[in-house]
Amino acid sequence: MKPMRLISGFLTVGFWTLMSRIAGLVRDILMARFLGDGPVAEAFVVAQSLPNMFRRFFAEGAFNFAFIPMFAKKSEAGEDAEAFARDAYWGMAALLTVFSAIAMLAMPLLVLMMASGFAGDERFDLAVTLGRIAFPYILFISLTALLSGMLNAMGRFLVTSAVTILLSLSLIAGMLLADRFGWDMGRTLAWAVTVSGVLQLLVCWIAVRRLGFRLPFRRPVLTPELKRLAIIAAPAVLAGGVVQVNLIVGRQVASMTEGAMVWLYNADRLYQLPLGVVGIAIGIVLLPELSRRLRAGDDEGSRNAYNRGTEFALLLTVPAAVALVVIAWPIITVVYQRGAFGPEAAVYTAQALAAYGVGLPAFVLQKVLQPLYYAREDTRSPFRFALWSMVVNVVLAVGLLPVLGFLAAAIATSVSAWVMVWQLWHGSRKMGEAATFDPRFLHRLPRIIAASALMGAVLWGLSWALAGQLATPGPRTAALGGIILAGIATYFAAAAALGAMSLPELKSVLRRKR
């Protein structure tokens, strides 16, 4: 994949991920309106977090990091990649069917594991009920992730990035129908989660069949290839487990303060917007590309892919991080403060958003650095790094809880993310030239930082000048929109003037996309 095609892949995935995140933002606005930060909202946050947490064990964060390089290499070498994918698919289906049944029976224990602060009040029973309805989502979305891995390895990014919008659309439809017909809002949302998993699996199944892969049913058998896959994936599964421990720590800290579970969730969803658009795009495109380059012994091509991925990530996430910190309160009041979501909840959510914003570049850089290891089938090193990050997260979250309350969880998350990045970067120095920064990246990095700082100053000045309008329900949306547009214009003008980006290069990519 040439540099222009690599950036084009980032833009394809990024665009559809942006559409999905915008739909997710609409979903979260409706949830804030209908549920606020009350007990049903908190119960649903936990209920839908459980299948998503375990999904990262079995699919996106662990299994696919091992599956995609193996599948890509088999496909590139002309080996029987379809048989390998078929065995993996039906093996995962059998494992997750049994796991889902056990988890649904043990749902009270899982809820306590996620939110012990719920014990003894109405939130606990609600979370157990909604969790049992939503948990089968893990089966469908994990199989979807495997099929998406096949499509990504074949260079087909459109379907895998567009299909994620179905979750938000299902939840939006569920809320509107529940409001229209008087259905129970919490149960409707939980059922919508499971239905969206079925829809995503169906779309990816059709896309895989159109590529010529049939994946007929086969009784699950532990073949030598699956044993090797399990050995490679095991450390990544454990690393994913460490990440989920961090999530659990954050949920437990939040559950001690009434409403905090929703404040952190809403802040998380907003910073996930740029993280998803950039980080997911890079992760999806970069891992198969590095796997192919390393198999071909192309160190220069690997280095170029790594540098362009890092450059693209920082070009968009550094200014996004600055914006999330500088104008956190206007963003939250415009997006969420309506209906059942009041001013106090908006203030606390804005504080969490600023804390998460500090860690945004680190979360995205992990998506760039991890493929350096996974493409080499090294899943042990990221696991060791994740353990140390987990220790940092737990110590800070628990240690700062008496001082900062729920905000300790968000601060600990960002600090531990930067610790993880430092470890990944330091470990990559042993990988030779393919994992080093090239002159173009070193030239552009300080210019990206300078352009972002200038944009931050403009955002701060405008938010101070328009403080009255931002505090008024009517004009606040237009005021925030004007501030954001001014910030975007300032950043890209400064980036182009300082040499942080190349306009001819961007035009070339856009022409290629058309």
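Here is how the numbers come out for the structure above:
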read-out: Packing rank of 424-431, 448-455, 178-185, 261-268, where each peptide gets the mean count of other beta carbons within 10 Å, highest leading; value: 261-268, 448-455, 424-431, 178-185
read-out: Relative packing of 197-204, 300-307, 351-358, which averages over residues the other C-beta atoms within 10 Å, highest first; value: 351-358, 300-307, 197-204
read-out: The chain shape via C-alpha gyration tensor axes, a/c threshold 1.5; value: oblate
read-out: Student exercise, the chain dipole from Lys, Arg, Asp, Glu Cβ charges, in Debye to nearest 20; value: 1460 debye
read-out: Over the chain, relative contact order from alpha-carbon pairs under 8 Å, at least 6 apart, %; value: 21 percent
read-out: Distance from segment 101-134 to segment 309-327 (C-alpha centre basis), Å; value: 37 Å
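None of the figures in this text is laboratory data; all of them are computed from the coordinates on show. A quick note: this is a predicted structure, and the numbers were derived from the prediction, not measured. Cβ atoms come from the backbone with ideal geometry, glycine included; neighbour counts cover every protein chain shown.
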